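The block underneath contains the structure these notes are about, expressed in C-alpha cells.
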Amino acid sequence: MDNHALFASLLAPMCLAFILGVVATRVKSDLKFPEELYTTLTIYLLVAIGMKGGYKLSISTFAEFWRPGLAAIGLGVCIPVWCYFLLRKFGKFDVVNAAAIAAHFGSVSAVTFSEALAFHDTLRAAVTLPAGMKFDAPEAIPFLKAAGVAGGWYEGFMPSLLTIMEVPAILVAIIIARISHEERSVSSDNAPFSEVLRELFAGKSTLLLLGFLAIGFVSGKRGWEQVSPLFDVPFRGVLTIFLLEAGLVTGRRLGDLKKVGPFLVGFGIIMPILHALIGILLGKWCGMSPGGATILGVLAASASYIAAPAACRVALPKASPTLFLTASLAITFPFNIVVGLPLYHYFAKLIYGG
Amino acid sequence: MDNHALFASLLAPMCLAFILGVVATRVKSDLKFPEELYTTLTIYLLVAIGMKGGYKLSISTFAEFWRPGLAAIGLGVCIPVWCYFLLRKFGKFDVVNAAAIAAHFGSVSAVTFSEALAFHDTLRAAVTLPAGMKFDAPEAIPFLKAAGVAGGWYEGFMPSLLTIMEVPAILVAIIIARISHEERSVSSDNAPFSEVLRELFAGKSTLLLLGFLAIGFVSGKRGWEQVSPLFDVPFRGVLTIFLLEAGLVTGRRLGDLKKVGPFLVGFGIIMPILHALIGILLGKWCGMSPGGATILGVLAASASYIAAPAACRVALPKASPTLFLTASLAITFPFNIVVGLPLYHYFAKLIYGG
Amino acid sequence: MDNHALFASLLAPMCLAFILGVVATRVKSDLKFPEELYTTLTIYLLVAIGMKGGYKLSISTFAEFWRPGLAAIGLGVCIPVWCYFLLRKFGKFDVVNAAAIAAHFGSVSAVTFSEALAFHDTLRAAVTLPAGMKFDAPEAIPFLKAAGVAGGWYEGFMPSLLTIMEVPAILVAIIIARISHEERSVSSDNAPFSEVLRELFAGKSTLLLLGFLAIGFVSGKRGWEQVSPLFDVPFRGVLTIFLLEAGLVTGRRLGDLKKVGPFLVGFGIIMPILHALIGILLGKWCGMSPGGATILGVLAASASYIAAPAACRVALPKASPTLFLTASLAITFPFNIVVGLPLYHYFAKLIYGG
Amino acid sequence: MQTMPMKLVTIIAEDELEPRLTDDVKKLGAHGYSVGKVRGEGMHGARLSEWEGENIRIETIVPDTVADQIMAHLAERYFPHFAVVAYISNIEVLRGGKFA
Amino acid sequence: MQTMPMKLVTIIAEDELEPRLTDDVKKLGAHGYSVGKVRGEGMHGARLSEWEGENIRIETIVPDTVADQIMAHLAERYFPHFAVVAYISNIEVLRGGKFA
Amino acid sequence: MQTMPMKLVTIIAEDELEPRLTDDVKKLGAHGYSVGKVRGEGMHGARLSEWEGENIRIETIVPDTVADQIMAHLAERYFPHFAVVAYISNIEVLRGGKFA
Ligand SMILES: Nc1ncnc2c1ncn2[C@@H]1O[C@H](COP(=O)(O)O)[C@@H](O)[C@H]1O
Ligand SMILES: Nc1ncnc2c1ncn2[C@@H]1O[C@H](COP(=O)(O)O)[C@@H](O)[C@H]1O
Ligand SMILES: Nc1ncnc2c1ncn2[C@@H]1O[C@H](COP(=O)(O)O)[C@@H](O)[C@H]1O
Ligand code: NA
Ligand code: NA
Ligand code: NA
C-alpha cells in the first residue's frame, strides 16, 4: 500500500473523526449529537448523492451503464442468498434473524459509499498533471484514467449503482423468510407483501436517492450548478461531521459485540472482504475503470443501516435489532471505513495490475 | 412560454423537490423532517433574504425606491379589504374567518419570493453576453436590462418590499374584524390592540427580516462579503431542501381540501392570478423593471404562512387554522410555485412586450 | 480608535446580530432557536476552530510556540487564584460559589475567541496591499505584519492557545475549593477527583477542540483542503447566526442582573479589562505579534460558558448556576463582544505603539 | 370547579408505528391525542438514538370503556410483534364532554 | 421513606402560550414546572408540525388547593379561546415541603 | 382484559445525570425505562435552554417495592446535591410479568 492510499484512508479527516467518535464514547464523554442533526445529515447526504448521481447519469450513455447496472442487481440478488445459508447452517440463526442479517449485508451503506468516493477523490488529487491543470477539470480525465488504479478516476454513474443496490437484497431476504416453512406458519402476523414493497420504495433512503437521482437527471447541468454550492462543495466537511456521529454510535454499540457472539463478528469481517473481491472482479469483467470496480466492491462489501433496519422492523418484526444493527453498525461499518477501503484498493491494484 | 422560463420554473431542482415532497406523502413515505430543521431553514432563509436586501438597499437610491415602496404598502392595505368582502359575501364565511383568510392573502410568503428570485436568476444565466462576461458581474447589468423580461434583472431592493408588505395586511384585517359588529360583542376575549401590534412587529419573521435588513444596510459591502459565503452562495441549495419539506407538509394537507370546500379552493387560485396582474401593472406604472414588477406581482399573489398564522392565533383566536392554513399552504403556495411563476412571467411579457 | 477598528467590531454583522438578539428578547419576540440548532452550531464552531488550529499548528515551529504556550498556561493557573480571593474577600461569596465563578473567568470562551479572529481578519482586509495582491495570500503576510497593530495579522497557532487555556483554570478552582476547610467537611458529597479530571478532558468542548486539533495537525494541508469549504469559508456566517442566538440568551438573562448584585456586575466588567491588559503585555513579552497578543488578551478576558458550567455542575454541585452563568453570559460575554474587542485592540496599539 | 374522572392511556412504541397507532386510537373513540418523543430501553434492547430508531409516547384522555378497548386492541395487534408498552392512569378533567 | 400525596397538573397547549401559562402557574402558587414538546390532534385540528404550530406539555407538582386554582384559572381564561387541555393526577412525592 | 396495578416512577433531573440515573434504575430492578427531554424551572433556577443545561424526564414502570427502593436511592444519593424531582403514580398495565 502506497502512501497516498494510506493518507487517503487513514489520515483523512473523515476517518480520524470516526475514530475520535469511538474514543469519545470510550472515555465516557458527554459529547452527543442531537438526533435531529443526525436526521438532517442523513437527508443531506442522500440528497447530495442522489442529485450528483442524477446529473452525472444525465451525461453518461446507456452503453456505458447497462452492464454495471446488471452486475449491481446481480450482487443485490445473490449476496443475501448465500449469506442466509451461511447464517442458518454455520451461524445457527433462526429463519427471521438469518434473513434480516442477510438483508443488511446484501443492501448498501450510503456513508461507506461516500467515504469510498472521497477516498478516490483524494487519490486523484495526488496524480501528477501537466502544469496548471486542475485535477477536477475535464481535461484531466485522460491523465487520471491513464494513471489506472492510482488515478482515482471512477464512472460518474456510481450513485445510480448505489440506488439500484439498495432494495433488491432486502426483497430477496424477505421472500426467503416467507417461503421458509417456519415462517409461513406465523405469516398471519406479518405485514402483507404489498405493504412491504410500498415500505421499501417509499422508505426515506430509497425515496430520497431515487427522487433526487431523477431530479438531478432532469434538471441536468443547469440544475446542478444551482445547487452544487450546497450539495457538492462542502460535502466532505459534512461527511466528517457525520462520521464523528457514526463513531459515537459505533462506540456505544461495541459493548454489544459480546452479545452477538464470535460467529457474527467473524461473519461481519470476512463477508465484506469476500464481497469486495467479487465486486471488483465483476466490475473488471463489465469493463469498468479500476476506481469504479473498487467502488462496486465497496458497495457489495457494505452493509445497510438505514433502509434495511426500517424494512426489517416492518417485514420481519421478530428479528432482533441487536443482531442486525450490531453486525452492520459496530462490525462491518467501521471495518470498511478504517481497514476495508485501503484493502479493497489494494485488491484492485492486484487485479488491474496498477 | 419559452424554454428557459419553463426550465427556470418547472425543471429547476427547487420545484422538483417540492413535487417530490408531495409524492412522498402520497406513497406514505416515512420521510419526515425534524421540526428543528424546519425552524432552522426558516431562520436561514429570513436572515439571508434580509441581509442581502439590506446590502442591496445600501447601494440603492431613495429616488428609485419610494414609488415601489408606496405601491407595496398600497397592495398590503387594499388586498385584505377586497378579499374580506368577497369571502363574506360570496364565501359566506363569518367575520373572524373571513378576516383571518384576508390577512393571509394580503401578507406575503418569503419562500415564494425566494423562488421568484431564483427563477429570475436562472433566466439571467441564459442571457447571451459578450464573451467572457459573467452574468452576475456588474458589467452585465446593461445587457440584462436590455434583454427586458427575458433578462431576469430586478431591482436590488426587492427584499425591502417583501419586508414592507408583511405587516400592513394583517393589521388591516384585524382592524376590519374588530370594527365589525359581531366581533365587538366578544372583544373582551381578545388581546388588546397594542399587544397585537407588538406581536406583529416582534413576530419572528418580521423581526428577522427587518433586523437583518438593518444589519445588511449598516454593515454594507464589507459586512456582506463576510457572510455571503453562508447566506448567498448555497442559498438555492437550501431552498431546495426547504421546498422538499414544504412539499411534505402540503401533501399532508391535501386531504383538507375537501374540508374547506370548493369556494376556498377557487379563491386560492383565482385571487393570486388577479393580484399578480395588479402587482405587475402597478410595478410598470411605478417605473420598475419587468423583473421587479413580476416579483412585485408574485408578492401580491403570495399568501403568508409564517407571520399571518402566528398573528391570527393571538388576535383572532376563534379563526379556524384548518381554513387559513389549507388556503395558504395547500392551495396558493403550490399553485404559485408550480404554475404561478411562469404564468406571471408570461403576463409581464405581455404587459412589457418582451 | 480608528474607523476600521470600529467597523470591524461594532458594525460587523456578528456584533449587530448579537444586539438584535438582545433587542428581540426586550420586545418579547417569539423568535427562539431550537436547542438542537444551538448544539449543532456549538459542535460546528468547536470542530472548525480545532481543525483550523491543528492545520496551522502543523505549519508552525516549536520555537514560535513554546513561549506563548507557557504564557497561556500561566494565565489559566493564576487568573482563578486572584479571582477567588477577590470574590471571597470583597464579594463575600462562599467557597463553592467563589471557586465556580473563578473557574469561569480563568477558562475561555470559544465564541469570544472566534469574534476576535473575525475582528482581526476584517482589519486585515483593510490593509493597503500592492495592486492585485489578496489579503489572504501568503505573499501578503509581510505587508500585514509591517502594518503592525492595524495589520490584523496573528499567529496561526492561536486556537492551540484556546485549547490549552480551557482546562487548567477549572482544575485550579476546584482544587482551591477542595482544600479550603469548609468544603472538606462535605467532601463526601462530591465526585472523586479522578472523576472530575475525566469529566474535564472528556467534556465535549475540550474533546472536540483537542480532538480536531489533533486531526487537523495529522491530516495537514491535504486534510484541510478537503474540509475547509465547510469549516472555513462560511465560518463567519455561522458565527453571525450563533451570535444572534447568544443575544437571545443574554437578553433573557439580563433580568438576573438584579439577582447577582452590583459587585458581580462590576467584577464581570473590570476583571476582563485587567486580564486583557495582562494578556497583551505577556504576549508582547513573549515576542508575539500585536494581533496575537491582543487575542491572548481576549482569551484571558473571556469567561467560559460551555466547559466551566458543565464541570462545576459535577465538581461543585452546590454552586449556584444563576451566579456563574449570569456573570459569564450576561455580563462578561456581551461586554467583550461589544466594547471589549475594540478596547483591547486600542490597548495593543498603545502597548505596541501601532 | 367540578372535575370528572377520566382515563389517561399512555402508549410507548417505536416511532414507525405512530401513524397506525394514532389512527387506531381515533377509530376506537379517542377525540384527541398528544405525541412526544422519547428514547428508551426494554426487552427489545436500547432505542436510544436515531440509528436504532426511537420511540414515541402517545397520551390520550378517554372514558373507561374506550381505554379498555384501546388496551385490548394493543394486546391483540401490537404486543406480540412490536416493542410497545401501554398503561392506564386515573385522572380528573374539566369539561368531561370534550373527551367522551 | 415516607411519601406524601400531591397533585400533578398537566397542561397541553399551543406553544405560543408557554410564557403566559408558566407565569400563571407560578403566580398561582407552583414552585416549579417542567415543559416538554408534543404534537397532537384534537377539536382544533391537527398540530403535528411547526407549520401548524406545535404544542407544549407543562407538568407541575402542587398541593390540592393550588391544583384547583390552576384548573379554575384555565377554565376561565384559556378554555374558551385556545386549544388547551388539562388534567389532574394523584401522585406521591418525597420532601412534600418542596412543593407546598 | 385483566389489567394489573403497577407503579410509575417519574424522575426529572439535569441531563448530565442521565447515564447514572438509568444505570441506577436498572440496577434497582426496573426492566425498562423511557426518557424524554424537558425544560423547567424550580428551586435551582431556570433550566430552559441548552446554555443553562436542560432536564430529562425518566419514566419507569415497576412493582411497588422497586418504586420504593428507587425513591429511597434518589433521596439518599441525588436530592441533597442535584436538581432532581421524582414522583410515583398508580397505573394499570397488561402483561404485569413484563415489569415485575
Ligand atoms: N418498564 C418500563 N418502564 C417504562 N418504559 C418502558 C419499560 N419497558 C419498556 N419501556 C419503553 O418501551 C419501549 C419498548 O419496550 P420493550 O418492548 O420492552 O423493548 C422501550 O424502548 C422503552 O422506551
Ligand atoms: N383526548 C385527548 N387526549 C390527549 N390529548 C389531547 C386530547 N384532546 C386534545 N389533546 C391535545 O390538546 C391539544 C389541543 O386540543 P384541542 O383544543 O381539542 O384541539 C391537541 O393538539 C392535543 O395535543
Ligand atoms: N413543582 C414542580 N413540578 C414539576 N416539575 C418541577 C417542579 N419543581 C421542579 N421541577 C423540575 O425539576 C427540575 C429541578 O428542580 P429544582 O431542583 O427544584 O430546581 C426543574 O428544572 C423542573 O424541570
Ligand atoms: Na452490500
Ligand atoms: Na399577498
Ligand atoms: Na479567561
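Picking from residues in segment C:67-118 that are hydroxyl-bearing (Ser, Thr, Tyr) and within 14 Å of another protein chain (Cβ to nearest Cβ), the one that is nearest to ligand 5 (Cβ to nearest atom) is C:114.
One residue stands out in segment B:142-154 among those that are assigned to a helix (DSSP H, G or I) and among the small types (Gly, Ala, Ser): the one that is nearest to residue B:56 (Cα to Cα), namely B:151.
Screening residue D:87 against (1) closer than 25 Å to residue E:7 by Cβ; (2) of a type in the set (Ser, Thr, Tyr); (3) more than 9 Å from ligand 1 (Cβ to nearest atom) leaves a single unmet condition, (3). Within segment B:317-330, can you find the residues that are within 10 Å of chain E (Cβ to nearest Cβ) and assigned to a loop (DSSP other than H, G, I, E, B)? Of everything in segment B:317-330, those that are within 10 Å of chain E (Cβ to nearest Cβ) and assigned to a loop (DSSP other than H, G, I, E, B) turn out to be B:317, B:318, B:320. Screening segment E:28-54 for residues that are more than 21 Å from residue C:30 (Cβ to Cβ), not hydrophobic (A, V, I, L, M, F, W, C) and not in a strand (DSSP E or B) and picking the one that is farthest from ligand 3 (Cβ to nearest atom) gives E:29.
Summed over segment C:81-130, the residues that are part of a loop (DSSP other than H, G, I, E, B) and not hydrophobic (A, V, I, L, M, F, W, C) give a count of 7.
Each row is one residue, and each column tells you yes or no for (1) away from every other protein chain (no Cβ under 13 Å); (2) within 16 Å of ligand 2 (Cβ to nearest atom).
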residue: B:252; (1), (2): no, yes
residue: B:295; (1), (2): yes, no
residue: B:308; (1), (2): no, no
residue: B:311; (1), (2): no, no
residue: B:332; (1), (2): yes, no
residue: B:335; (1), (2): yes, no
residue: B:342; (1), (2): yes, no
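Residue-by-condition table, conditions (1) within 16 Å of ligand 2 (Cβ to nearest atom); (2) crowded, with 21+ Cβ neighbours inside 10 Å; (3) touching a residue at least 40 places away in the same chain (Cβ under 8 Å):
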site	(1), (2), (3)
F:9	no, yes, yes
F:12	no, yes, yes
F:20	no, no, no
F:25	no, yes, yes
F:44	no, no, no
F:47	no, yes, no
F:60	no, yes, yes
F:69	no, no, yes
F:73	no, no, yes
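Residues in segment F:3-49 that are facing chain E (nearest Cβ under 9 Å) and among the small types (Gly, Ala, Ser): F:36, F:40, F:42.
Answer yes or no as to whether residue D:52 is surrounded by fewer than 18 Cβ atoms within 10 Å (Cβ to Cβ) and either of a type in the set (Asp, Glu) or closer than 24 Å to residue F:30 by Cα (or both). The answer is no for residue D:52.
Away from ligand 1 (no atom under 16 Å from the Cβ), modelled with pLDDT of 90 or more and more than 13 Å from the chain's Cα centre (by Cα): does that describe residue F:39? Taking the combined requirement at face value, the residue satisfies it. Taking the criterion of being within 7 Å of chain D (Cβ to nearest Cβ), hydrophobic (A, V, I, L, M, F, W, C) and in a helix (DSSP H, G or I), the residues of segment E:55-89 that qualify are E:71, E:72, E:75.
Here is a yes/no grid of residues against (1) among the small types (Gly, Ala, Ser); (2) on the phi > 0 side of the Ramachandran plot; (3) touching a Ser or Thr at 6+ places or on another chain (Cβ under 7 Å):
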{"residue": "A:48", "(1), (2), (3)": "yes, no, no"}
{"residue": "A:67", "(1), (2), (3)": "no, no, no"}
{"residue": "A:82", "(1), (2), (3)": "no, no, no"}
{"residue": "A:94", "(1), (2), (3)": "no, no, no"}
{"residue": "A:107", "(1), (2), (3)": "yes, no, yes"}
{"residue": "A:113", "(1), (2), (3)": "no, no, yes"}
{"residue": "A:118", "(1), (2), (3)": "yes, no, no"}
{"residue": "A:134", "(1), (2), (3)": "no, no, no"}
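Among the conditions (1) closer than 26 Å to residue D:15 by Cβ; (2) at pLDDT 90 or above, residue A:189 misses just one, which is (2).
What about residue B:258, is it free of Cβ contacts under 8 Å to residues at least 24 places away in the same chain, away from ligand 2 (no atom under 16 Å from the Cβ) and not small (Gly, Ala, Ser)? Yes; evaluated as a whole, the condition is true for this residue. Could you list, in sequence order, all residues of segment B:1-47 that are within 30 Å of residue B:203 (Cα to Cα) and acidic (Asp, Glu)? Answer for segment B:1-47, where residues must be within 30 Å of residue B:203 (Cα to Cα) and acidic (Asp, Glu): B:35, B:36. Checked against the criterion of being within 17 Å of residue E:38 (Cα to Cα) and either touching a Leu at 6+ places or on another chain (Cβ under 6 Å) or modelled with pLDDT under 90 (or both), the candidates F:50, F:54 yield just one match: F:54.
When we screen B:223, B:211 for residues that are over 23 Å from the mean Cα position of the chain (by Cα) and away from chain A (no Cβ under 14 Å), the only hit is B:223.
Matching residues to (1) under 17 Å from residue A:289 (Cβ atoms); (2) free of Cβ contacts under 8 Å to residues at least 60 places away in the same chain; (3) within 16 Å of ligand 6 (Cβ to nearest atom):
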| site | (1), (2), (3) |
| --- | --- |
| A:66 | yes, yes, no |
| A:86 | no, no, no |
| A:89 | no, yes, no |
| A:100 | no, no, no |
| A:105 | no, no, no |
| A:123 | yes, no, no |
| A:130 | no, yes, no |
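Looking across segment C:76-116, just one residue is aromatic (Phe, Trp, Tyr), in contact with a Leu (Cβ under 6 Å, 6 or more places away or on another chain) and over 29 Å from residue C:10 (Cβ atoms), and that is C:93. Tell me, yes or no, whether segment C:50-59 has at least one residue that is assigned to a helix (DSSP H, G or I) and farther than 24 Å from residue C:207 by Cα. No: zero hits. The condition of being among the aliphatic types (A, V, I, L, M) and within 16 Å of ligand 4 (Cβ to nearest atom) does not hold for residue A:123.
The values are calculated or read from the model by the stated rules, or taken from the named source; none is laboratory data. Given the structure is predicted, the values throughout are model-derived calculations rather than measurements. Cβ atoms come from the backbone with ideal geometry, glycine included; neighbour counts cover every protein chain shown.
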